[in-house]
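The values are calculated or read from the model by the stated rules, or taken from the named source; none is laboratory data. Since this is a predicted model, take the numbers as computed values, not measurements. Cβ placement follows ideal geometry from the backbone for every residue including glycine, while neighbour counts extend to all protein chains displayed. Ligands, DNA and RNA are stripped out before the accessible areas are found, and what is left, the full protein with its side chains, is counted by its heavy atoms. Shrake-Rupley method; radii C 1.70, N 1.55, O 1.52, S 1.80 Å.
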Amino acid sequence: MTSFKNRAAVVGIGLSPFTENCGKTELRTTCETIKTALEDAGLTPRDVDGMIKQTDDASDEHAVTSAMGMPNLTYYGETRWNGAPCGMMMRAAIGIAAGSCHTVVICRAVNGGSKLRTVPSMRTSGQMSTSDLLHWTFHAPFGLSVETGSVAMMTRKYMAQYGIDKDAFGDIVNVCRENGARNPDGFFYQKEMTLDEYQKSDMLIDPLRKLDCRQEMDGAAAFIVTSLERARDLKQTPIAILGAAQATLPDTESMAGLYRKDIAGMPEVAAVGKRIFEMAGVTPADIDTAQLDDSYSPLVPIQLEELGFCQKGEGVPFCSGGDQIRLNGKIPVNTAGGSLGEGHIHNMNHIIEAVRQLRGTSINQVKDASLGLVVSGAGGPASGLILGR
Amino acid sequence: MKMTYVQGIPILRPYIDFDNEEFWKAHQEGKLVFQQCKNCGLTVHRPRPMCPRCLDTEPNWVESTGLGKIYSWTTFRYDRAAYPGIQVPYIVVLVDMVEGVRMLSNLEGVEPEDIEVGMPVEVFFDRVDDDLVLPKFKRRET
């Protein structure tokens, strides 16, 4: 059977600054980061014949091709919600392996801080999909109007089920902020957090504190993916896509499946993990860095459990004190800071950092990193990726 | 704790369609109903176009006992992270009903400190607006 394993590689990355208000349209930051990524790869818009975006993203492929003068686009598509980024990598790799395209742009821009978004938020949009309508019809009248509330209920059950103490997630936030404080590209550069600050942080939606939650901001990211053969002739060390998968299951919803028997877990992440480890032919012990979805801090220990880095229910003790997930720990997590410590661009920057680690150019470089794992969209429709050099 | 709605900000309305209208209509008569498959008898919530077990498309709508237990809950405490039409704090709960389905709702008449997983609750109906009745929950004495 044909596989896309080791057939495509990331050869260019572009990341915008993270700001509260960038003063630009999302289309402009999309195009700017694509330009950066093309320059990083040593390619031009003429070389691009594929494009993958996220369903909520405002910058459609025809807007980008017009804006950047891309005359050769013949392969495009999109993947869903926060779970999109690793799935976007998968679509790119599949298109390349199948011979439908040679060089694919992957892009995402969100003006989340300034709220100058081209796509209105779901709650004011008249253009909701069926699953959005199902979600909002049965939740919004009761005041559950933000996904944070769903994550809060999942977290509450997780804490009750495994006897987890209040404030136990502070160590995870601390490690992300510690990594992010050293990262000049990040929103939280030189802004370390103390556990005292964490414990005094406002309780937003019980048991989630303000510092447990990613902050909305403006940002954009782009990647260039091409065939492994072509990648060998380009400027950068090719970072190969060794495994990628998506998972949606019965009762999957955005961020937390509240109607399944046991909500203190993430079966989508388990499904993704099983598939990407099998495909790449590696195990959790082989992975050098894990860039996990930290939109909300409690997602991190649950992902570590579902991926097999620790046993079920042991994610919080595993992260306790932070040493096992720090740079020299058993599995360094979110080495550039992730959503909580670098910036929130719906998990796109997590893949950027996985690539930097494998190129050996991370600000928090893990020595000899050769295999990187990324998860997007934990708790909801998830996707996962294993990259290698 | 009783919920207070903010004047001038509309409560978000359910999007009522062919699949779910029976559920919402029943509240006007003070009834909580769930969808039950005519063919295999599986009870589900939320309403859907097809039985996920046998794929039959003909449901019955059966009246619930209104009794259940708290599965999980959260308190919206911070106004900027809550729906602006409802005064914080307010409690959102997941209730496991005796019919074997889970539903999301609000809990009233209980302070957050007194809630625990497994606490018995029963439904009541709150006319929150002229055209909208919501099924909510209160503590059940056992």
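A few remarks follow.
- Helices (runs of 4 or more DSSP H) wholly inside the range A:162-251 containing at least 2 residues that are in contact with a Cys (Cβ under 8 Å, 6 or more places away or on another chain), more than 14 Å from chain B (Cβ to nearest Cβ) and buried (at least 16 other Cβ atoms within 10 Å of the Cβ): A:170-181
- Scanning the range A:1-11 for residues that are touching a residue at least 24 places away in the same chain (Cβ under 8 Å) and more than 17 Å from the chain's Cα centre (by Cα) turns up A:T2, A:S3, A:F4, A:K5, A:N6, A:R7, A:A8, A:A9, A:V11.
- Taking the criterion of being touching a Gly at 6+ places or on another chain (Cβ under 6 Å) and buried (at least 23 other Cβ atoms within 10 Å of the Cβ), the residues of the range A:356-379 that qualify are A:Q357, A:L358, A:V375, A:S376, A:G377.
- Which listed residue is of a type outside the set (A, V, I, L, M, F, W, C) and without any contact (Cβ under 8 Å) to a residue 40 or more places away in the chain, from A:D185, A:D212, A:D165: A:D165
- Test: residue in the range A:255-275 that is farther than 19 Å from A:A290 by Cβ and away from chain B (no Cβ under 12 Å): yes
- Among the residues of the range A:267-324, just one is in contact (Cβ under 8 Å) with a residue 40 or more places away in the chain, aromatic (F, W, Y) and not in a helix (DSSP H, G or I), namely A:Y296.
- Strands (runs of 3 or more DSSP E) (entirely within the range A:1-95) containing at least 1 residues that are surrounded by fewer than 18 Cβ atoms within 10 Å (Cβ to Cβ): A:75-79
- Scan the range B:62-92 for residues that are among the hydrophobic types (A, V, I, L, M, F, W, C), in a strand (DSSP E or B) and within 8 Å of chain A (Cβ to nearest Cβ) and the total you get is 4.
- One residue stands out among those in the range A:137-153 that are under 24 Å from the mean Cα position of the chain (by Cα), assigned to a helix (DSSP H, G or I) and at the interface with chain B (Cβ under 7 Å from one of its Cβ atoms): the one that is surrounded by the most Cβ atoms within 10 Å (Cβ to Cβ), which is A:A152.
- Looking across the range B:98-142, the residues that are assigned to a strand (DSSP E or B), open to solvent by 50 Å² or more (accessible area, probe 1.4 Å) and more than 14 Å from chain A (Cβ to nearest Cβ) come down to B:E122, B:K138, B:R139.
- Within the range A:334-355, the residues that satisfy the criterion of being under 21 Å from A:P284 (Cβ atoms) and either open to solvent by 10 Å² or more (accessible area, probe 1.4 Å) or in a loop (DSSP other than H, G, I, E, B) (or both) are A:N334, A:T335, A:A336, A:N347.
- Residues (among the charged types (D, E, K, R), within 18 Å of B:F137 (Cα to Cα), away from every other protein chain (no Cβ under 14 Å) and touching a residue at least 12 places away in the same chain (Cβ under 8 Å)) located in the range B:1-54: B:K31
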